[in-house]
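The values are calculated or read from the model by the stated rules, or taken from the named source; none is laboratory data. This one's a predicted model, so the numbers in the text were calculated from it and none came from an experiment. Glycine gets a Cβ as well: all are built from the backbone with ideal geometry, and neighbour counts include every protein chain shown.
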Amino acid sequence: MPVFSNSTNELRTSEIRDLMSLANKPGMILFSGGMPDNDLFPLAEIDKIYNGLTPQEKKVAMQYGPTCGLPELIGSLSEFLSRKGLPVAENKILITTGSLQAINILAKVFIDPGDIILTENPCFIGAISAFKSYQADIKSIPLTGDGINLVLLEEMLNKLEKKPKFIYLTPNFHNPAGTLYSSETKQKLIKLMSGRDIPIIEDDAYSDLYFHDEDRDDLKTLKAIHPAGIDICYTSSFSKIIGPGLRLGWMLVPEQIYAKCELIKQSVDACSPSFTQVIADKFLRSGVVYSYIDKVRTEYKKRAEAMTAALQKYLPDGVTFTVPRGGFYIWLQLPENVDSTDVLKKAIEKGTVFVSGKTFDPAGKKNNFIRLSYCNTPVEKINKGIPIVADAIREMMSPTK
Ligand SMILES: Cc1ncc(COP(=O)(O)O)c(C=O)c1O
(Lines give C-alpha, C1' and ligand atoms only; values in the text may rest on other atoms or scores of the structure.)
Protein backbone atom coordinates (compact mmCIF):
# COMPACT_ATOMS: atom_id res chain seq x y z
CA MET A 1 0.00 0.00 0.00
CA PRO A 2 1.64 3.30 -1.01
CA VAL A 3 1.91 5.93 1.73
CA PHE A 4 0.81 9.32 0.43
CA SER A 5 1.81 12.75 1.70
CA ASN A 6 -0.39 14.49 4.27
CA SER A 7 -1.07 17.27 1.79
CA THR A 8 -2.47 14.77 -0.74
CA ASN A 9 -4.61 13.16 1.91
CA GLU A 10 -6.27 16.52 2.59
CA LEU A 11 -7.69 16.62 -0.94
CA ARG A 12 -11.07 14.98 -1.59
CA THR A 13 -12.83 14.37 -4.84
CA SER A 14 -16.07 16.23 -4.56
CA GLU A 15 -19.44 14.54 -4.50
CA ILE A 16 -20.27 17.04 -7.21
CA ARG A 17 -17.89 15.33 -9.62
CA ASP A 18 -19.77 12.07 -9.10
CA LEU A 19 -23.12 13.77 -9.65
CA MET A 20 -21.76 15.50 -12.73
CA SER A 21 -21.04 12.16 -14.33
CA LEU A 22 -24.81 11.49 -14.12
CA ALA A 23 -25.34 14.78 -15.86
CA ASN A 24 -23.64 13.62 -19.03
CA LYS A 25 -26.91 12.51 -20.62
CA PRO A 26 -27.67 13.96 -24.07
CA GLY A 27 -30.07 16.91 -23.99
CA MET A 28 -29.07 17.99 -20.48
CA ILE A 29 -29.14 21.81 -20.10
CA LEU A 30 -25.87 22.85 -18.47
CA PHE A 31 -25.61 25.75 -16.02
CA SER A 32 -22.61 24.14 -14.36
CA GLY A 33 -19.44 24.94 -16.29
CA GLY A 34 -17.40 28.08 -15.76
CA MET A 35 -15.98 27.94 -19.26
CA PRO A 36 -16.55 30.20 -22.26
CA ASP A 37 -18.86 28.98 -25.02
CA ASN A 38 -17.01 26.95 -27.69
CA ASP A 39 -19.02 28.79 -30.34
CA LEU A 40 -17.62 32.15 -29.24
CA PHE A 41 -13.91 31.35 -29.63
CA PRO A 42 -12.05 33.62 -32.11
CA LEU A 43 -11.15 30.75 -34.43
CA ALA A 44 -10.75 32.76 -37.64
CA GLU A 45 -8.49 35.29 -35.90
CA ILE A 46 -6.32 32.51 -34.42
CA ASP A 47 -6.03 30.81 -37.85
CA LYS A 48 -4.98 34.12 -39.37
CA ILE A 49 -2.38 34.70 -36.66
CA TYR A 50 -0.90 31.21 -37.00
CA ASN A 51 -0.82 31.33 -40.80
CA GLY A 52 0.89 34.71 -40.66
CA LEU A 53 3.79 33.57 -38.45
CA THR A 54 7.25 33.62 -39.99
CA PRO A 55 9.35 30.41 -39.89
CA GLN A 56 11.48 32.06 -37.19
CA GLU A 57 8.39 32.80 -35.05
CA LYS A 58 7.20 29.22 -35.50
CA LYS A 59 10.58 27.96 -34.27
CA VAL A 60 10.30 30.16 -31.16
CA ALA A 61 6.78 28.78 -30.66
CA MET A 62 8.06 25.19 -30.68
CA GLN A 63 10.96 25.84 -28.28
CA TYR A 64 11.24 26.20 -24.48
CA GLY A 65 11.14 29.85 -23.45
CA PRO A 66 12.31 31.88 -20.46
CA THR A 67 10.62 30.97 -17.15
CA CYS A 68 9.17 34.47 -16.80
CA GLY A 69 7.54 34.30 -20.24
CA LEU A 70 8.48 35.32 -23.81
CA PRO A 71 9.77 38.93 -23.88
CA GLU A 72 7.39 39.85 -26.74
CA LEU A 73 4.36 38.75 -24.72
CA ILE A 74 5.59 40.48 -21.59
CA GLY A 75 5.87 43.65 -23.72
CA SER A 76 2.37 43.45 -25.24
CA LEU A 77 0.81 42.36 -21.96
CA SER A 78 2.49 45.29 -20.17
CA GLU A 79 0.79 47.63 -22.62
CA PHE A 80 -2.59 45.85 -22.16
CA LEU A 81 -2.31 46.05 -18.36
CA SER A 82 -1.10 49.68 -18.39
CA ARG A 83 -4.26 50.63 -20.29
CA LYS A 84 -6.22 49.14 -17.38
CA GLY A 85 -4.31 51.43 -15.03
CA LEU A 86 -2.13 48.71 -13.50
CA PRO A 87 1.26 49.79 -12.10
CA VAL A 88 3.34 47.72 -14.49
CA ALA A 89 6.57 49.70 -14.16
CA GLU A 90 6.71 49.26 -10.36
CA ASN A 91 6.07 45.48 -10.47
CA LYS A 92 7.12 42.37 -12.39
CA ILE A 93 5.06 40.10 -14.64
CA LEU A 94 5.37 36.32 -14.50
CA ILE A 95 3.54 34.46 -17.28
CA THR A 96 1.94 31.33 -15.85
CA THR A 97 0.16 28.23 -17.08
CA GLY A 98 -3.31 29.61 -16.47
CA SER A 99 -3.96 31.98 -13.58
CA LEU A 100 -4.69 28.98 -11.37
CA GLN A 101 -0.97 28.27 -11.57
CA ALA A 102 -0.27 31.86 -10.49
CA ILE A 103 -2.51 31.33 -7.45
CA ASN A 104 -0.91 27.95 -6.75
CA ILE A 105 2.62 29.35 -6.95
CA LEU A 106 1.73 32.24 -4.63
CA ALA A 107 0.19 29.72 -2.22
CA LYS A 108 3.41 27.69 -2.28
CA VAL A 109 5.51 30.80 -1.76
CA PHE A 110 3.60 31.86 1.36
CA ILE A 111 2.05 28.81 3.06
CA ASP A 112 3.70 26.42 5.50
CA PRO A 113 1.46 23.64 6.86
CA GLY A 114 -0.97 25.05 9.45
CA ASP A 115 -0.54 28.69 8.41
CA ILE A 116 -3.66 30.81 8.50
CA ILE A 117 -4.87 32.38 5.28
CA LEU A 118 -8.05 34.38 4.72
CA THR A 119 -10.58 34.04 1.91
CA GLU A 120 -14.07 35.19 1.08
CA ASN A 121 -16.94 32.79 1.63
CA PRO A 122 -17.92 31.60 -0.93
CA CYS A 123 -14.56 31.18 -2.68
CA PHE A 124 -13.30 29.93 -6.08
CA ILE A 125 -12.91 26.16 -5.75
CA GLY A 126 -9.58 26.09 -7.62
CA ALA A 127 -8.07 28.45 -5.05
CA ILE A 128 -9.54 26.48 -2.12
CA SER A 129 -7.92 23.30 -3.50
CA ALA A 130 -4.57 25.03 -4.04
CA PHE A 131 -4.55 26.41 -0.50
CA LYS A 132 -5.56 23.04 0.97
CA SER A 133 -2.85 21.28 -0.99
CA TYR A 134 -0.31 23.30 1.05
CA GLN A 135 -2.23 22.52 4.26
CA ALA A 136 -3.37 26.07 4.95
CA ASP A 137 -5.74 26.75 7.81
CA ILE A 138 -8.40 28.63 5.81
CA LYS A 139 -10.52 31.19 7.67
CA SER A 140 -13.29 32.55 5.49
CA ILE A 141 -15.29 35.76 5.76
CA PRO A 142 -18.79 36.09 4.27
CA LEU A 143 -19.42 38.17 1.16
CA THR A 144 -22.22 40.71 1.03
CA GLY A 145 -23.80 42.01 -2.20
CA ASP A 146 -21.18 44.76 -2.17
CA GLY A 147 -18.01 42.83 -1.35
CA ILE A 148 -16.41 41.18 1.65
CA ASN A 149 -18.10 41.86 5.00
CA LEU A 150 -15.65 44.42 6.37
CA VAL A 151 -17.00 44.32 9.91
CA LEU A 152 -16.45 40.56 10.12
CA LEU A 153 -13.07 40.87 8.41
CA GLU A 154 -11.95 43.42 10.99
CA GLU A 155 -13.20 41.21 13.83
CA MET A 156 -11.32 38.27 12.37
CA LEU A 157 -8.10 40.28 11.95
CA ASN A 158 -8.32 41.49 15.53
CA LYS A 159 -9.03 38.12 17.08
CA LEU A 160 -6.46 35.97 15.29
CA GLU A 161 -3.44 35.14 17.41
CA LYS A 162 -1.28 34.36 14.41
CA LYS A 163 -0.98 36.77 11.50
CA PRO A 164 -2.54 35.39 8.29
CA LYS A 165 -0.03 34.80 5.50
CA PHE A 166 -2.31 36.52 2.98
CA ILE A 167 -5.89 37.29 2.08
CA TYR A 168 -7.23 35.99 -1.25
CA LEU A 169 -9.99 38.11 -2.85
CA THR A 170 -11.90 38.34 -6.13
CA PRO A 171 -13.28 41.89 -6.07
CA ASN A 172 -14.50 42.01 -9.69
CA PHE A 173 -17.26 39.57 -10.71
CA HIS A 174 -16.69 36.90 -8.17
CA ASN A 175 -16.77 33.17 -8.91
CA PRO A 176 -19.27 31.90 -7.74
CA ALA A 177 -21.06 34.93 -6.22
CA GLY A 178 -20.97 37.26 -9.25
CA THR A 179 -20.35 40.18 -6.85
CA LEU A 180 -18.64 43.42 -7.86
CA TYR A 181 -17.12 45.30 -4.92
CA SER A 182 -18.07 48.97 -4.98
CA SER A 183 -15.25 51.56 -5.05
CA GLU A 184 -16.24 52.48 -1.52
CA THR A 185 -15.78 48.91 -0.29
CA LYS A 186 -12.43 48.73 -2.06
CA GLN A 187 -11.28 51.95 -0.40
CA LYS A 188 -12.45 50.82 3.04
CA LEU A 189 -10.79 47.45 2.55
CA ILE A 190 -7.50 49.13 1.68
CA LYS A 191 -7.79 51.29 4.80
CA LEU A 192 -8.48 48.23 6.93
CA MET A 193 -5.54 46.28 5.50
CA SER A 194 -3.07 49.21 5.70
CA GLY A 195 -0.20 48.80 8.13
CA ARG A 196 -0.95 45.12 8.84
CA ASP A 197 1.74 43.69 6.57
CA ILE A 198 -0.60 41.05 5.13
CA PRO A 199 -0.29 40.58 1.33
CA ILE A 200 -3.46 40.59 -0.76
CA ILE A 201 -3.84 38.10 -3.61
CA GLU A 202 -6.24 39.84 -6.00
CA ASP A 203 -7.76 37.41 -8.50
CA ASP A 204 -8.99 39.38 -11.49
CA ALA A 205 -10.01 36.75 -14.05
CA TYR A 206 -13.27 38.48 -15.06
CA SER A 207 -12.99 42.29 -14.93
CA ASP A 208 -12.96 42.70 -18.74
CA LEU A 209 -16.41 41.11 -18.90
CA TYR A 210 -18.38 44.03 -17.50
CA PHE A 211 -21.88 44.79 -18.81
CA HIS A 212 -22.25 48.48 -17.96
CA ASP A 213 -19.90 51.33 -18.83
CA GLU A 214 -21.02 53.20 -15.72
CA ASP A 215 -19.31 50.52 -13.58
CA ARG A 216 -15.86 51.48 -14.88
CA ASP A 217 -14.96 53.32 -11.63
CA ASP A 218 -15.99 50.38 -9.44
CA LEU A 219 -13.96 48.07 -11.66
CA LYS A 220 -10.67 49.75 -10.81
CA THR A 221 -8.64 46.92 -9.27
CA LEU A 222 -6.98 47.11 -5.85
CA LYS A 223 -3.68 46.75 -7.69
CA ALA A 224 -4.50 49.74 -9.91
CA ILE A 225 -5.43 51.80 -6.84
CA HIS A 226 -1.83 51.01 -5.88
CA PRO A 227 -2.05 51.61 -2.13
CA ALA A 228 1.28 52.36 -0.48
CA GLY A 229 2.53 49.74 1.96
CA ILE A 230 0.30 46.79 0.92
CA ASP A 231 1.83 44.01 -1.20
CA ILE A 232 -0.83 43.23 -3.78
CA CYS A 233 -0.26 40.12 -5.86
CA TYR A 234 -2.49 40.54 -8.88
CA THR A 235 -3.44 37.50 -10.99
CA SER A 236 -5.37 37.29 -14.23
CA SER A 237 -5.73 35.24 -17.36
CA PHE A 238 -6.31 34.89 -21.09
CA SER A 239 -8.86 32.14 -20.37
CA LYS A 240 -11.96 34.32 -20.50
CA ILE A 241 -10.71 36.83 -23.10
CA ILE A 242 -9.20 34.43 -25.70
CA GLY A 243 -9.62 30.83 -24.53
CA PRO A 244 -8.66 28.60 -21.59
CA GLY A 245 -7.05 26.09 -23.97
CA LEU A 246 -4.12 28.49 -24.32
CA ARG A 247 -3.41 27.74 -20.62
CA LEU A 248 -1.95 31.19 -20.10
CA GLY A 249 -2.33 33.53 -17.18
CA TRP A 250 -0.05 35.88 -15.31
CA MET A 251 0.78 37.52 -12.03
CA LEU A 252 1.82 41.15 -11.54
CA VAL A 253 3.66 41.32 -8.22
CA PRO A 254 6.30 43.29 -6.29
CA GLU A 255 9.86 42.34 -7.29
CA GLN A 256 10.71 40.57 -4.01
CA ILE A 257 7.69 38.25 -4.31
CA TYR A 258 8.33 37.76 -8.03
CA ALA A 259 11.83 36.40 -7.36
CA LYS A 260 10.43 33.63 -5.14
CA CYS A 261 7.64 32.84 -7.60
CA GLU A 262 10.03 32.54 -10.52
CA LEU A 263 12.13 30.03 -8.56
CA ILE A 264 9.02 27.96 -7.84
CA LYS A 265 7.89 28.08 -11.45
CA GLN A 266 11.30 26.83 -12.62
CA SER A 267 10.73 23.71 -10.57
CA VAL A 268 7.09 23.26 -11.62
CA ASP A 269 7.13 23.47 -15.42
CA ALA A 270 10.19 25.56 -16.41
CA CYS A 271 8.02 27.78 -18.63
CA SER A 272 4.48 28.14 -19.92
CA PRO A 273 3.78 27.01 -23.51
CA SER A 274 5.75 29.13 -25.99
CA PHE A 275 3.32 28.10 -28.72
CA THR A 276 0.33 29.80 -27.15
CA GLN A 277 2.40 32.72 -25.89
CA VAL A 278 3.33 33.57 -29.49
CA ILE A 279 -0.38 33.47 -30.47
CA ALA A 280 -1.52 35.50 -27.44
CA ASP A 281 1.15 38.13 -28.11
CA LYS A 282 -0.10 38.66 -31.69
CA PHE A 283 -3.72 38.70 -30.49
CA LEU A 284 -2.85 41.56 -28.12
CA ARG A 285 -0.51 43.41 -30.49
CA SER A 286 -2.99 43.42 -33.40
CA GLY A 287 -5.63 45.00 -31.15
CA VAL A 288 -8.08 42.18 -32.03
CA VAL A 289 -8.32 41.50 -28.31
CA TYR A 290 -10.36 44.69 -27.79
CA SER A 291 -12.98 43.96 -30.47
CA TYR A 292 -13.18 40.34 -29.34
CA ILE A 293 -13.75 41.34 -25.70
CA ASP A 294 -16.50 43.72 -26.87
CA LYS A 295 -18.15 40.90 -28.77
CA VAL A 296 -18.15 38.35 -25.93
CA ARG A 297 -19.12 40.97 -23.37
CA THR A 298 -22.24 41.76 -25.44
CA GLU A 299 -23.15 38.09 -25.73
CA TYR A 300 -22.63 37.32 -22.01
CA LYS A 301 -24.69 40.37 -21.12
CA LYS A 302 -27.55 39.06 -23.27
CA ARG A 303 -27.35 35.69 -21.54
CA ALA A 304 -27.17 37.22 -18.06
CA GLU A 305 -30.23 39.34 -18.80
CA ALA A 306 -32.16 36.32 -20.10
CA MET A 307 -31.27 34.30 -17.01
CA THR A 308 -32.12 37.18 -14.66
CA ALA A 309 -35.52 37.67 -16.32
CA ALA A 310 -36.32 33.94 -16.22
CA LEU A 311 -35.28 33.68 -12.56
CA GLN A 312 -37.40 36.71 -11.64
CA LYS A 313 -40.35 35.09 -13.39
CA TYR A 314 -40.06 31.50 -12.13
CA LEU A 315 -38.23 31.37 -8.79
CA PRO A 316 -40.37 30.68 -5.73
CA ASP A 317 -40.56 33.32 -2.98
CA GLY A 318 -37.75 32.96 -0.47
CA VAL A 319 -34.98 32.49 -3.07
CA THR A 320 -32.84 35.57 -3.68
CA PHE A 321 -29.93 36.63 -5.87
CA THR A 322 -27.92 39.69 -6.88
CA VAL A 323 -28.37 40.67 -10.53
CA PRO A 324 -24.94 40.20 -12.17
CA ARG A 325 -23.18 43.24 -13.63
CA GLY A 326 -20.52 41.17 -15.41
CA GLY A 327 -18.71 37.85 -15.37
CA PHE A 328 -20.21 34.39 -15.73
CA TYR A 329 -22.37 33.57 -12.69
CA ILE A 330 -25.56 34.03 -10.67
CA TRP A 331 -25.53 32.83 -7.06
CA LEU A 332 -28.92 31.85 -5.66
CA GLN A 333 -29.56 31.89 -1.93
CA LEU A 334 -32.15 29.31 -0.85
CA PRO A 335 -33.85 29.20 2.55
CA GLU A 336 -31.43 27.87 5.25
CA ASN A 337 -33.19 24.49 5.49
CA VAL A 338 -32.99 23.66 1.78
CA ASP A 339 -30.03 21.52 0.74
CA SER A 340 -28.81 22.38 -2.75
CA THR A 341 -27.42 18.87 -3.33
CA ASP A 342 -31.01 17.55 -3.02
CA VAL A 343 -32.14 20.24 -5.44
CA LEU A 344 -29.30 19.27 -7.78
CA LYS A 345 -30.35 15.59 -7.79
CA LYS A 346 -33.92 16.63 -8.61
CA ALA A 347 -32.73 19.05 -11.31
CA ILE A 348 -30.57 16.37 -12.95
CA GLU A 349 -33.58 14.01 -13.09
CA LYS A 350 -35.49 16.79 -14.83
CA GLY A 351 -32.68 17.59 -17.29
CA THR A 352 -30.62 20.51 -15.93
CA VAL A 353 -27.42 20.75 -13.95
CA PHE A 354 -25.68 23.44 -11.86
CA VAL A 355 -23.15 23.46 -9.01
CA SER A 356 -24.28 23.23 -5.39
CA GLY A 357 -23.16 25.76 -2.80
CA LYS A 358 -20.90 23.77 -0.53
CA THR A 359 -18.40 23.29 -3.37
CA PHE A 360 -17.41 26.91 -2.76
CA ASP A 361 -17.37 26.86 1.03
CA PRO A 362 -13.78 26.30 2.25
CA ALA A 363 -15.26 24.19 5.08
CA GLY A 364 -17.34 22.22 2.52
CA LYS A 365 -20.56 22.61 4.52
CA LYS A 366 -22.74 25.60 3.75
CA ASN A 367 -25.15 24.25 1.18
CA ASN A 368 -28.18 26.50 0.78
CA PHE A 369 -26.74 28.16 -2.33
CA ILE A 370 -26.64 27.34 -6.03
CA ARG A 371 -24.21 28.56 -8.68
CA LEU A 372 -25.76 29.03 -12.10
CA SER A 373 -23.47 29.83 -15.05
CA TYR A 374 -24.92 31.55 -18.08
CA CYS A 375 -21.64 31.78 -20.00
CA ASN A 376 -21.91 28.50 -21.82
CA THR A 377 -25.65 28.30 -22.51
CA PRO A 378 -27.44 30.12 -25.34
CA VAL A 379 -30.54 32.19 -24.53
CA GLU A 380 -33.13 29.67 -25.77
CA LYS A 381 -31.66 26.97 -23.52
CA ILE A 382 -31.57 29.38 -20.58
CA ASN A 383 -35.26 30.06 -21.14
CA LYS A 384 -35.98 26.33 -21.23
CA GLY A 385 -33.74 25.36 -18.30
CA ILE A 386 -34.49 27.99 -15.65
CA PRO A 387 -38.14 26.93 -15.13
CA ILE A 388 -36.80 23.40 -14.52
CA VAL A 389 -34.31 24.63 -11.91
CA ALA A 390 -37.08 26.70 -10.31
CA ASP A 391 -39.36 23.64 -10.20
CA ALA A 392 -36.66 21.52 -8.58
CA ILE A 393 -36.14 24.21 -5.92
CA ARG A 394 -39.89 24.54 -5.34
CA GLU A 395 -40.22 20.78 -4.86
CA MET A 396 -37.40 20.68 -2.31
CA MET A 397 -38.89 23.68 -0.47
CA SER A 398 -42.27 22.01 -0.22
CA PRO A 399 -43.10 20.73 3.27
CA THR A 400 -44.25 17.39 1.79
CA LYS A 401 -41.00 16.67 -0.07
C1 LIG B 1 -11.99 33.28 -10.09
C2 LIG B 1 -11.13 32.46 -10.98
N3 LIG B 1 -9.80 32.56 -10.86
C4 LIG B 1 -8.97 31.84 -11.60
C5 LIG B 1 -9.46 30.96 -12.55
C6 LIG B 1 -8.46 30.13 -13.29
O7 LIG B 1 -8.48 30.28 -14.62
P8 LIG B 1 -7.27 29.87 -15.53
O9 LIG B 1 -6.35 28.96 -14.78
O10 LIG B 1 -7.90 29.20 -16.70
O11 LIG B 1 -6.59 31.15 -15.88
C12 LIG B 1 -10.83 30.79 -12.72
C13 LIG B 1 -11.36 29.82 -13.66
O14 LIG B 1 -12.53 29.61 -13.82
C15 LIG B 1 -11.69 31.58 -11.90
O16 LIG B 1 -13.01 31.48 -12.00
Next item on the list: Quickly run through region 22-61 and pick out the residues that are modelled with pLDDT under 95, more than 16 Å from the ligand (Cβ to nearest atom) and polar (S, T, N, Q).
Entry: N24
Notebook entry, point to check: Considering only region 365-376, how many residues are touching a residue at least 12 places away in the same chain (Cβ under 8 Å) and surrounded by fewer than 24 Cβ atoms within 10 Å (Cβ to Cβ)?
Noted result: 7
Check: Would you call K159 closer than 24 Å to D112 by Cα, without any contact (Cβ under 8 Å) to a residue 12 or more places away in the chain and away from the ligand (no atom under 15 Å from the Cβ)?
Finding: yes
Next item on the list: Considering only region 126-236, give the helices (runs of 4 or more DSSP H) lying wholly within it that have at least 2 residues that are closer than 30 Å to T8 by Cα.
Entry: 150-159
Notebook entry, point to check: Within region 368-401, which residues are closer than 21 Å to F173 by Cα, in a loop (DSSP other than H, G, I, E, B) and not hydrophobic (A, V, I, L, M, F, W, C)?
Noted result: N368, Y374, N376, T377, P378
Next item on the list: Being touching a residue at least 12 places away in the same chain (Cβ under 8 Å), acidic (D, E) and within 30 Å of V323 (Cα to Cα) is the filter here, so list the residues in region 261-301 that pass it.
Entry: E299
Notebook entry, point to check: Say we look at region 121-156 and pick out the residues that are in contact (Cβ under 8 Å) with a residue 24 or more places away in the chain and of a type in the set (D, E); which of these is nearest to A205 (Cα to Cα)?
Noted result: D146
Checklist line | Test for S272: is it assigned to a loop (DSSP other than H, G, I, E, B), within 16 Å of the ligand (Cβ to nearest atom) and in contact with a strand residue (DSSP E or B) (Cβ under 6 Å, 6 or more places away or on another chain) | finding: yes
Notebook entry, point to check: Which one of F328, F354 is in contact (Cβ under 8 Å) with a residue 40 or more places away in the chain, under 29 Å from V296 (Cα atoms), in contact with a Cys (Cβ under 8 Å, 6 or more places away or on another chain) and not assigned by TED's automatic domain parsing to the domain that holds K240?
Noted result: F328
Next item on the list: Mind listing just one residue for me: the one in region 223-240 that is among the small types (G, A, S) and at pLDDT 95 or above and, of those, surrounded by the fewest Cβ atoms within 10 Å (Cβ to Cβ)?
Entry: A224
Note to self: Looking only at region 124-147, filter to residues that are in contact with a helix residue (DSSP H, G or I) (Cβ under 7 Å, 6 or more places away or on another chain), among the aliphatic types (A, V, I, L, M) and more than 20 Å from D112 (Cβ to Cβ); which one of those is farthest from the ligand (Cβ to nearest atom)?
What the structure shows: I141
Next item on the list: Hey, could you check region 92-112 for residues that are under 20 Å from D361 (Cα atoms) and not small (G, A, S) and say which is nearest to the ligand (Cβ to nearest atom)?
Entry: L100
Item checked: Unmet criterion (only one of (1) buried (at least 16 other Cβ atoms within 10 Å of the Cβ); (2) closer than 18 Å to L40 by Cα; (3) within 16 Å of the ligand (Cβ to nearest atom)) for Y292 -> (3)
Next item on the list: Could you figure out which of (1) among the small types (G, A, S); (2) within 16 Å of the ligand (Cβ to nearest atom); (3) at negative phi isn't true of A89?
Entry: (2)
Next item on the list: Please specify each residue of region 76-86 satisfying the condition of being assigned to a helix (DSSP H, G or I) and in contact (Cβ under 8 Å) with a residue 40 or more places away in the chain.
Entry: S76, L77, E79, F80, L81
Notebook entry, point to check: Of all residues in region 241-257 being more than 21 Å from the chain's Cα centre (by Cα) and not aliphatic (A, V, I, L, M), which is surrounded by the most Cβ atoms within 10 Å (Cβ to Cβ)?
Noted result: P254
Next item on the list: Mind counting the residues in region 329-367 that are of a type outside the set (K, R), within 20 Å of S129 (Cβ to Cβ) and not in a helix (DSSP H, G or I)?
Entry: 10
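Quick grid of which residues meet (1) in contact with a strand residue (DSSP E or B) (Cβ under 7 Å, 6 or more places away or on another chain); (2) among the charged types (D, E, K, R):
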site	(1), (2)
A310	no, no
K313	no, yes
K350	no, yes
G357	yes, no
Check: In region 210-266, which residues are away from the ligand (no atom under 11 Å from the Cβ), within 20 Å of F328 (Cα to Cα) and in contact with a Phe, Trp or Tyr (Cβ under 8 Å, 6 or more places away or on another chain)?
Finding: Y210, F211, R216, D218, L219, T221
